[in-house]
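Nothing in this text is a laboratory measurement; each read-out follows from the coordinates by a stated rule. Keep in mind that this is a model prediction, so the values were computed, not measured. Don't worry about glycine lacking a Cβ; one is built from the backbone with ideal geometry, like all the others, and counts go over all protein chains shown.
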Amino acid sequence: MDYLKTVVPSQLLAERGSNLVVINPGSANIRVGLAKQDSPFSIPHCIARRSNQLPKLNVQDQLLNSQVTTAQHMEREKAYDVIASLLKIPFLDEEVANNSVPRKMGRVDGYNPQNTRKDGAFTWTDTHVKDLNSSVPQESSSDKSVIAESLVQNEGTELKEPTLAELKFREVIFGEEALRISPTEPYSLRRLIRRGHLNISQHYPMQQVLEDLHALWDWILLEKLHIPHQERSLYSAILVVPETFDNREIKEILSILLRDLRFSSAVVHQEGLAAVFGNGLSTACVVNLGAQVSSVICIEDGVALPNTEKTLPFGGEDISRCLLWTQRHHQTWPQIRTDILTKPIDLLMLNRLKESYCEIKEGELDAIAVVHSYEDAMPAGSHKTRLTALNVPPMGLFYPTLLIPDLYPPPPRSWFHDYEDMLEETWHIEFPRRSDMPDGLYPGSNVGLQMWDNYPFVSMKPKKEEKVGLAEAITSSILSTGRIDLQRKLFCSIQLIGGVALTGGLIPAVEERVLQTIPSNEAIHTVEVLQSRTNPTFVSWKGGAVSHLPSFFFFHVWVSFVFGTMQMHLFIEFAYAISS
């Protein structure tokens, strides 16, 4: 205990971070790494399994409603014209006569100080096992039976170059490789998380989702972190969960970590809270701009305020889809077949173009870019073209009718009927009091839950999504705190995290539009977005990596409350012991 009092955080992080795995599942990517690492691995949260159906890539639960209705189309065009008026660019169907309005061309090399531009084409994933000897350590456990069978069949024969007929398909493909599989290949692509929830539907049962999640995470631990099964008991896991996850989802993921992946222990932190600590703060309004969902939550003195939570059903991928729609409407997109429904590799290309060229600024914003076409299993084709209105798609964050987020099948209603809710099991249980614990910190037979008396009960039901823009969600979240002193502090402590937070010009746009959204009767006249001290893409992961230090334990005690009062008390006792 004396050592823990004198050791500096960086030394403790280096010593104890080597056996701590931090896992942060996002809406489209999962960030995983050892706590001692400077940055995590970011891997698309998807898996492809070989199918016995026709050789056609089957994207399971890709989109439920991909058809834009007439009403949605009219709302989109109206939103475009509103944005065009704000940005001082021509309306959607307005022609610029004789180029009378000067254009602002982006640099020909597509320079964006916020992002590193990548123009290289993606390559199709090789779905065959060619060199069996070199492929053994690279395959997952589900592939090893196939490889072993092949080795037995080839035993005693001379080594020779395998013919096309002798090539074996890889049974399972993970991460970005799964997104780069040709549509002609016999695979079923499955995305494990949709719009901030496990992708459970009538077409993708819960058991399959959990099995696929276990397989992907096991592959990451083996291939990226090089942690074999026999050594897992030496490691602990820190799970940084999004605000969109509900109790049942967290419980199932914890079961996978402890039962299937065989970690010795696991601690859960909330993503927004981890982001605050990742930037060295204690109070902030955290705005998480993910790939498929955005969320807002306020943190006060290291405690999340549940009543301030807002969930918005759009993110970076919706901006990418809007970019494609904008170019097609202006007829600047090459005459190629771009279809993110049947070719996920096209979505990868659109995401890259969005990150390189889209930003928020006034005036017409065009740029010369290289667009790639991916036809079946053929090599990618390159098309140099001029992209236009590149500042319109990211403005969809403030005008979501421009994005038209696609609808996804919700989980079965029975999913939310959790008959093993740990909150209910332990809510009225009394625990023996430790004599050396301060009053109110550890409940005894007479003390009760003093510090948690007013903590709201989290019901098992789908979380409500807000049908508003980003500025309205931020303003509503902060004003719901009900205290003018805290509101003023939060309006000056807005923190943007997630990949979309790297969009150029987003910070001043948020400050301006949030200020305009605050009601005139509120005595608030200043809005400020804090500059992130680390990469906004993985600041939550970083916060989870440092949160295991003793100095942070008291701030994270409340997180275990999600899993039941007994677990909360054990966590408090442990935190008190190591800090005393």
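Provide the packing ranking of 303-314, 230-241, i.e. peptides ordered by the mean count of other C-beta atoms within 10 Å per residue, highest first.
Listed from highest to lowest mean packing, they are 303-314, 230-241.
Rounding to the nearest 20 debye, state how big the charge dipole of the range 218-281 is about its Cα centre with +1 on each Lys and Arg Cβ and -1 on each Asp and Glu Cβ.
Using Cβ point charges on Lys, Arg, Asp and Glu, the range 218-281 gives about 200 debye.
Name the residues whose placed amide hydrogens come within less than 5 Å of the amide hydrogen of THR308, ignoring near sequence neighbours (fewer than 5 apart) on the same chain.
CYS298
Can you work out ³J(HN,Hα) from phi for every residue in the range 289-304, in order, using Karplus 6.51 cos²θ - 1.76 cosθ + 1.60 and θ = phi - 60°, giving whole Hz and x for Gly and Pro?
9, x, 6, 10, 8, 10, 9, 10, 8, 9, 10, 10, 6, x, 10, 6
On full extension of the chain, what length is gained from GLN207 through THR184, given 0.36 nm per residue of separation minus the C-alpha to C-alpha distance?
5.5 nm
Apply 1/(1 + (r/R0)^6) to the Cβ-Cβ distance of VAL370 and LYS224, taking R0 = 25 Å, and write down the FRET efficiency to the nearest 0.05.
Details: r = 30 Å, r/R0 = 1.20.
For VAL370 and LYS224, the calculated efficiency is 0.25.
Quick check: pseudo-label points 7 Å beyond the Cα along Cα→Cβ at LYS384 and HIS329, how many nm apart are they?
2.9 nm
Under the rule of at least 5 residues apart or a separate chain, name every residue whose amide H is placed under 5 Å from the amide H of TYR187.
Amide H neighbours of TYR187, under 5 Å, 5+ apart: SER51, LYS56, LEU57, ASN58.
Using modelled backbone amide H atoms (1.01 Å from N, in-plane), which distant-in-sequence or interchain residues come within less than 5 Å of LEU390's amide H?
Those lying under 5 Å, H to H, from LEU390 are LEU365.
Could you order peptides 483-493, 373-383, 292-302 by the average number of other Cβ atoms within 10 Å of their residues, highest first?
The peptides rank, most packed first, as 292-302, 483-493, 373-383.
Taking 0.36 nm per residue of sequence separation and subtracting the Cα-Cα distance, how much length would be gained by fully extending the chain between GLU77 and HIS128, in nm to one decimal?
Working: separation 51, 0.36 × 51 = 18.36 nm, distance 4.55 nm.
Here the segment from GLU77 to HIS128 would lengthen by 13.8 nm.
Would you mind getting me the FRET efficiency between GLN531 and ASP38? Use the beta-carbon distance for r and R0 = 25 Å, nearest 0.05. Can you show the working numbers first?
Numbers: r = 19 Å, r/R0 = 0.77.
According to the calculation, E is roughly 0.85.
Using a Förster distance of 51 Å, how high is the FRET efficiency between ARG337 and ASN307, based on the Cβ-Cβ distance and rounded to 0.05?
0.60
Pop out the ³J(HN,Hα) list for the range 355-365 in order, Karplus 6.51 cos²θ - 1.76 cosθ + 1.60 with θ = phi - 60°, rounded to Hz; leave Gly and Pro as x.
5, 8, 10, 7, 7, 9, 7, 6, x, 5, 10
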